[in-house]
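The values are calculated or read from the model by the stated rules, or taken from the named source; none is laboratory data. Treat the numbers as computed from the prediction; the structure is a model and nothing was measured. Heads up, the Cβs are rebuilt from the backbone with ideal geometry, glycines too, and the neighbour counts pull from every protein chain shown.
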Amino acid sequence: MRAAIKSEFRKLFSTRMWWILMLCAAAYLMFMSLMMAFSLEFSIQQVSPEDLATAPSMIQGDRLALLVYSMAGSMAYVFPLLIGALSVTQEYRHKTITPTFLAEPRRVVVLGAKLISSLPMGLVYGLVCLAATVLPAAIVFTVMGGSNALDKADTWEFFARALLDFSLWAPVGVGVGALLRSQVAAIVVVLAETQFAEPILRMVPSLTNWDWKWIEFLPGSAGDAIQGVSFYSLMGLGDSSAASTLPWGWSALVLGGWAVLFCALAYPLSWKRDIS
């Protein structure tokens, strides 16, 4: 297993895809963080102190900073998810899966090595995405005289949970890639699920009287619950009743369980199939 894990690390870092996706994530988050921090802080400063005092629900101060920081997890979790899926599908696309299975005939070991090696990759993505979000926003808040909340314990607890969330998304991607095998199909499914299907499902309770408690077991809901803070929920873009009521530890098990489920389905359905 140790040799297989080392091999997976070499394969991950031997291609340009991992740092290209990382640069895209960092550039996207830096731009969004700067724009959101400036526009939100500027809007707050246009409100008189009397109006702020009579509007306790208005997001301001430390809560405003945490709102912007939470963009990292709410908007960029798709990147470790993609890199996890691509770590599998690229092998099928470039036909390197054949020498991989020849070097290690025990396919369950190969799949396990991919899962384990994806965890630190997800952590690296989390560190980069958080830095790209927090640093620009903190500078904007400080320069404009607002609170950057970096001296609060809750903020650092959020950072730790966000890193755990990012780390778990990469193994979920490995499971998706192993199940689908096709790189195009994996990218389409990941984008469709994360950008359309699940966001729409999570908004249904706000438009109806349906009490869909099962929504909290969806991957995105579990990820939000791990962090404890969601950009969409703080902005009021989703229904609070659809938010997960699970403790963050159980939510981490749910998200990790999705990775295990996808791999368990992939092993008999696609992973053990002959390679053409």
Checklist outcome for this item: Expected single match for within 18 Å of the chain's Cα centre (by Cα) and either loosely packed, with under 15 Cβ neighbours inside 10 Å or at pLDDT below 85 (or both) among Ala197, Ala222 is Ala197
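Residue-wise test of (1) in contact with a Cys (Cβ under 6 Å, 6 or more places away or on another chain); (2) among the small types (Gly, Ala, Ser); (3) at positive phi.
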| residue | (1), (2), (3) |
| --- | --- |
| Leu115 | no, no, no |
| Ser147 | no, yes, no |
| Arg161 | no, no, no |
| Asp165 | no, no, no |
| Arg181 | no, no, yes |
Checklist entry - Out of (1) at pLDDT 95 or above; (2) closer than 22 Å to Phe262 by Cα, the odd one out for Leu130 is which? => result (2)
Checklist entry - What are the residue pairs meeting all of these: first residue in the stretch 74-90, first residue hydroxyl-bearing (Ser, Thr, Tyr), second residue outside any helix (DSSP H, G or I), Cβ atoms under 8 Å, and 6 or more apart or on different chains? => result Ser74/Ser230; Thr89/Arg181; Thr89/Ser182
Checklist entry - For the stretch 53-111, what are the residues that are of a type in the set (S, T, N, Q), in contact with a Phe, Trp or Tyr (Cβ under 7 Å, 6 or more places away or on another chain) and modelled with pLDDT of 90 or more? => result Ser70
Checklist entry - When the stretch 245-260 is examined, which residues are found to be at pLDDT 95 or above and aromatic (Phe, Trp, Tyr)? => result Trp258
Checklist outcome for this item: Taking first residues from the stretch 96-112 that are surrounded by fewer than 16 Cβ atoms within 10 Å (Cβ to Cβ) and second residues anywhere that are part of a helix (DSSP H, G or I) and of a type in the set (Lys, Arg), the pairs with Cβ under 9 Å that are 6 or more apart or on different chains are Thr96/Lys11; Phe101/Arg107
Next on the checklist: Condition (residue is part of a helix (DSSP H, G or I) and either in contact (Cβ under 8 Å) with a residue 60 or more places away in the chain or buried (at least 17 other Cβ atoms within 10 Å of the Cβ) (or both)) applied to the stretch 143-152: is it met by at least one residue?
Outcome noted: no
Checklist entry - Mind checking which pairs have a first residue in the stretch 1-26 that is among the β-branched types (Val, Ile, Thr) and a second that is modelled with pLDDT under 90 and not in a helix (DSSP H, G or I), Cβ under 6 Å, 6 or more apart or different chains? => result none
